[in-house]
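What follows is a short report on a single structure.
The values are calculated or read from the model by the stated rules, or taken from the named source; none is laboratory data. Small disclaimer: the values here were computed from a predicted structure and weren't measured. Heads up, the Cβs are rebuilt from the backbone with ideal geometry, glycines too, and the neighbour counts pull from every protein chain shown. The protein model used for the area step is the full one, side chains on, heavy atoms only, and it has no ligands, DNA or RNA in it. Shrake-Rupley method; radii C 1.70, N 1.55, O 1.52, S 1.80 Å.
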Amino acid sequence: MNENVLNSLLVEFFENQRTSADRKREIEYNLANFKKQPDALRVSRQWLESPQTSPYVAFYALSIYEDLLCRWYDASVRAEDRADTRSFLFRVLTTSHQRFPPFVTNKLVKLVVDIAKKEFPHDWPDLMQQVYDLRQSSLMLCLVLCKTICEEFVANREDMPAARKADLKMHLLQEVPSIMVVAVEVLVNIHETCIKSPPFASPTDGVAGGFGMGMHSPVRSPHAVNFPMVGESPSKAAFPLSPARSNGLSNEAIIHGGQIHGDNVVLCRLALDALHSLVSWVPISEETHASLVIDTIFKFAQLTDGGTVELGSLGMTCINEVMSRNHVPQEFFTFIMLITKQVCEMMRYLTSDVPGGAPRIVGIDATYQEKLIEFLEHFVGKHISRAAESVPDFPLEEFLVLLFKFTFHQPSPEAYLSCLHIWDVFEDQLIAKQADPKAGVLHVQRLQGGLLGLSREVMRKVQFTEYPEDLNAFGDDLTENGENEWELYLRTSCDLVADLYPDGVLQSLFELFMKHSDLLFSARGQVPSEPVRYAALDLRAVLAVFGRVSHVFTANFRGGLSAATTIIERLLGILNVDGVRQPNSIAKSKASDAYEQLAVQTFSTLSVFIHWFELYRVEAVHNQADLAGFQRLLLPLINFSLDAMSSRKNISNASSALLYSIASTVKPDILAYDPISQYLTIVHSASISYPHTTMKNVYKFITAMYVLPHTGNASERVLGSSPAAMQKNEVKVPIRHTIDVMCAMMETVQSEGTQPKEIVHQSLAPLVRPTIQLVRVYAHDHTILPLLLDFILQLFSSLRKQVTRDTNLLQDTLNLFLSMLKGNDLKRSILDGPGNAVLDKFILIIGSLVGDKAFEKMLPGIIHFLDVEICGQCIADESLGIDEIRSHFYEVLHQIVLQHSRWFFGSQVARMAGARSGGETHEKELLGILNMIARTFQMSSMDVFRQNLLTLQDLDSKTKLYSKDVFKQSMLLPFIEMLLDCLLGKSRDFLRDDLIAVLGGMILTDLALNINFLFQLIPAFITTRCGGMTLEQHKVLANYLQAIQDSQNCGELLNTVVNDYGFFAQTAGAGR
């Protein structure tokens, strides 16, 4: 095939849009055939040497050499041919790369580096020197080769044996200092010759780029840090500076922009990419010129102007790689001061105003901004605490001032929230120091004033009265946590405000609380205006923080009684404002929605204060004055909550949850209150129209009110009267409502003691069997059946001990499910819908019963049914799409073995006492469960695959499964072979660590037995997996496995097996 014909074929293939798929396949066939010709290499060499060769032909010629590389060490390729090919391709690269387009040059570079991966340094010892020599003739090619070598020599691919990988990495490590020198020289030269912008002039003369900026003014205490006060814009806040102190570091001006164009941009990019590849894994030390490298990278990391910001982002990427590794060099003081100087200057520059305009950060590149925030997260999270404690004169105050300004200058909510996360990390460090009296410069009290200022400013940022335009711009899109953008913004802000100094923020919170509630109260009887709407929204934010600091009042009940009472009274006043409890009473508008949010938050905040109410109730028992005060708050609280039942869904849910909290936590004698007695007469008829959550909360409230003990003689009255009272009119309500009511009652006592459960069980006992029998009647009803199944599940979850006393009921219930799930109709029923719910609830019910001793008698039948009917027909069939049910199923199997290990394995105590068998064992049932688990390793679901790997680990950890005779004799070797097969399967590579942990545990359980297996079966096993491998390759893999001796080398050797198997399979053309 001559060059012209080849070029026309390639042009037709790549450029002619009218070329059909059939024609492309024909061209591919012809091109592949040409590669097999004996003179293909000779012809491709002529094409690469010819200056007239088209780029497509050159690209194709290189692909012929790539095929040669796959059989580089075959007997058909002589050593002198390898040397000649290597020399030829390197010569073509160095002499002709400029005439090739980038896609050809890149392929040629990759080909040369791939040859180097095979031959350096043993057969190509002068490779790196040849690369360094290119600095004189082609600096760009030198950097391209350095970058590619740095990336490819340590790439985590299965393209060479593990031993060769380690050898190559070791030799590359020896070259790292030289490569860094090449890259740094390029960057330093370009920085010195191209960056001509004048140094940034600080708004405060004489201190730009220096240290010594104090956070305190001459009129403030030098021992306390004060951020700007509430109401003071962070962009205008003044921070008077003290004279700069000497720190022994270079005061070289820091430059943030310049004129870098053309090839220089490419050279800088290549140099930074090469450094990034190295600093991601190379131990940073003086041998690798750490200080010079980091200082040089920072020079570029500071480039933020439009023409150079791309290089700035690359520089920040390199720095982040260093910081993420928690690098602590020997010269820590110098290193940390250098880093701090650079980052302070960057924040100072970005928060300063453009002449006549906004702060520079407003127009900064988004990628650069993201990288800088990531750097600050690393710096604060890994270094600042250590630096503030150990580095003399560390400028902590200066850093915090600049971080404060940087945070509140952020142009986007996302960037602002990321900065709040940095403060949150810093607060965590301070909280950890609070108990340490020797915390040094990080002493909490020293920074308290500044951090309270931060809290006040964060609260301003969530106030609609302060930032209406910004906050109204939030969308309704939901995050992964089910929050919209505003809710995420509010939650993050409130968490930060409340975390560190709950006592300190109360005063400013109270001021905002009074201010906004006064405006709300003044609008009674009027159509809410825009300012009133903003006040309602701002109150919601304030109340969210109040809820987070409510523990302050509980911790010091007497000291905070007056303040807490004032807050509760004002919260009740908010609920009494027209339209707050009942937003539908005003026209549907933004104001009514704001009132709804405020009502929900008010009820939620009152719910958080429930433990304070509990303490108040305890005090009221012994103090008449306290009793009067307690009732003065509780009565309107109950009235407002009852009234809100008929409000919007979110409000009724919140108010009913508050009622349940009162009954279950505070536990007053609620029946003594007239509103409750009146409400009980209508609750059944009224609750039918309630939202589902509200209805359940109401009946949980009523149940708790009857069955949970409280002060006075209530418990005796409850025991005598509750069953009749709780059943009143219940059989008259619709079935769905009745089931919901009974579920709510049982859910109320699920985590309670025996007495409340006995009361509920006594009340529900007459209805249990009739309700369960309804399952047959409504077996095909898609609305009633799920409720009935929920009832049965809740019954056995909440009242298991009470229900299982009646063994006939338990047996009848299980038989009911067995009859519904048995036979070939189950699969069809699942596809139709109802069977799906029946199967899931049956599995969950088995899970709730699995710990009961009475359940052991049924285990043989249950395990057989699970194996034959459930697993055999449904769980193993991946086409049914029941992944969640499948997960529940295998968790039940896990719990059956775990909680009945003595039933399966016999008594270890009996064996230790001299008995031969240790009691009856049930090996058949155990093997049935293990076989069900084993089947999942042939399935495609990775979630279930990993779940059962963890199940095996857990069972071995808690029951010594791998060491049991039944497992070693029947399952150990099959599991090893199966898991080894999975380990070598590429589709499960992301589970490699889990697989190695389980497989290693099994191999090490009985090393002698398993080594025998490995010696005998590995060659056949490998042959089955990849018949194209050589006997020598079989031997290499088997030697690795047979070298396993302990847990220390097991994981390493198994990883090596995976790597080398992949490489051998690839070179043999077998694939996986």
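Could you check the range 376-393 and list, in sequence order, the residues that are farther than 15 Å from residue 432 by Cα, at pLDDT 85 or above and open to solvent by 10 Å² or more (accessible area, probe 1.4 Å)? Of everything in the range 376-393, those that are farther than 15 Å from residue 432 by Cα, at pLDDT 85 or above and open to solvent by 10 Å² or more (accessible area, probe 1.4 Å) turn out to be 377, 378. Among the residues making up the range 782-811, those that are part of a loop (DSSP other than H, G, I, E, B) and either modelled with pLDDT of 90 or more or over 18 Å from residue 754 (Cβ atoms) (or both) are 782, 783, 799.
Scanning the range 308-364 for residues that are among the acidic types (Asp, Glu), closer than 15 Å to residue 295 by Cα, modelled with pLDDT of 80 or more and open to solvent by 10 Å² or more (accessible area, probe 1.4 Å) yields a single hit, 321.
Residues in the range 749-781 that are small (Gly, Ala, Ser), assigned to a helix (DSSP H, G or I) and open to solvent by less than 40 Å² (accessible area, probe 1.4 Å): 763 alone. Every condition in (1) under 19 Å from residue 313 (Cα atoms); (2) open to solvent by less than 60 Å² (accessible area, probe 1.4 Å); (3) within 20 Å of the chain's Cα centre (by Cα) is met by residue 424 except one, and the failing one is (1). Evaluate the following for residue 367: is it under 23 Å from residue 303 (Cβ atoms) and crowded, with 17+ Cβ neighbours inside 10 Å? So residue 367 does not fit the description; no. When the range 862-879 is filtered for residues that are at pLDDT 85 or above and open to solvent by 50 Å² or more (accessible area, probe 1.4 Å), the ones remaining, listed by number, are 864, 868. A residue that is over 16 Å from residue 641 (Cα atoms) and aromatic (Phe, Trp, Tyr) cannot be found anywhere in the range 593-610.
Could you tell me whether residue 1049 is open to solvent by 50 Å² or more (accessible area, probe 1.4 Å), modelled with pLDDT of 85 or more and either within 31 Å of the chain's Cα centre (by Cα) or farther than 28 Å from residue 964 by Cβ (or both)? Against the criterion (open to solvent by 50 Å² or more (accessible area, probe 1.4 Å), modelled with pLDDT of 85 or more and either within 31 Å of the chain's Cα centre (by Cα) or farther than 28 Å from residue 964 by Cβ (or both)), residue 1049 does not qualify. Kindly indicate which of 655, 664 is of a type outside the set (A, V, I, L, M, F, W, C), assigned to a helix (DSSP H, G or I), open to solvent by 20 Å² or more (accessible area, probe 1.4 Å) and in contact with a Leu (Cβ under 9 Å, 6 or more places away or on another chain). When all the criteria are applied, what remains is 664.
Among the conditions (1) without any contact (Cβ under 8 Å) to a residue 24 or more places away in the chain; (2) assigned to a helix (DSSP H, G or I), the only one that residue 594 does not satisfy is (1).
Taken as a whole, the condition of being within 23 Å of residue 538 (Cβ to Cβ), hydroxyl-bearing (Ser, Thr, Tyr) and modelled with pLDDT under 95 does not apply to residue 604. In summary, helices (runs of 4 or more DSSP H) completely within the range 1-94 and bearing 3 or more residues that are under 30 Å from residue 138 (Cα atoms) and open to solvent by less than 70 Å² (accessible area, probe 1.4 Å) occur at 40-49, 55-70. For the range 119-163, name all the residues that are open to solvent by 60 Å² or more (accessible area, probe 1.4 Å), among the small types (Gly, Ala, Ser) and more than 28 Å from residue 71 (Cβ to Cβ). Hit for the range 119-163 is 137, nothing else. Among the residues of the range 362-399, those that are more than 28 Å from residue 314 (Cβ to Cβ) and in a helix (DSSP H, G or I) comprise 385, 388, 389, 390, 396, 397. Quick check on the range 620-652: of everything there that is part of a helix (DSSP H, G or I) and of a type in the set (Gly, Ala, Ser), which residue is modelled with the lowest pLDDT? The extreme case among them is 625. Against the condition open to solvent by 10 Å² or more (accessible area, probe 1.4 Å), aliphatic (A, V, I, L, M), assigned to a helix (DSSP H, G or I) and at pLDDT below 75, how does residue 826 come out, does it pass? Spelling it out, it is not the case that residue 826 is open to solvent by 10 Å² or more (accessible area, probe 1.4 Å), aliphatic (A, V, I, L, M), assigned to a helix (DSSP H, G or I) and at pLDDT below 75. The residue that is modelled with the lowest pLDDT, counting only those in the range 1025-1045 that are surrounded by 18 or more Cβ atoms within 10 Å (Cβ to Cβ) and closer than 13 Å to residue 1067 by Cβ, is 1026. For first residues located in the range 933-947 and open to solvent by 80 Å² or more (accessible area, probe 1.4 Å), partners that are outside any helix (DSSP H, G or I) and lie 6+ apart or on another chain with Cβ distances below 7 Å form the pairs 935/876. Among residues that are open to solvent by 20 Å² or more (accessible area, probe 1.4 Å), touching a residue at least 12 places away in the same chain (Cβ under 8 Å), part of a helix (DSSP H, G or I) and closer than 27 Å to residue 467 by Cα, residue 519 is included. Among the residues of the range 485-500, is there at least one that is part of a helix (DSSP H, G or I), within 24 Å of residue 614 (Cα to Cα), touching a helix residue (DSSP H, G or I) at 6+ places or on another chain (Cβ under 7 Å) and open to solvent by 20 Å² or more (accessible area, probe 1.4 Å)? Yes. Checking each residue of the range 147-170 against the condition of being closer than 18 Å to residue 95 by Cβ, aliphatic (A, V, I, L, M) and assigned to a helix (DSSP H, G or I) gives no match.
Which is of a type outside the set (A, V, I, L, M, F, W, C), modelled with pLDDT under 90 and within 30 Å of residue 572 (Cα to Cα), of 483, 466, 427, 457? Just one listed residue meets the conditions, 483.
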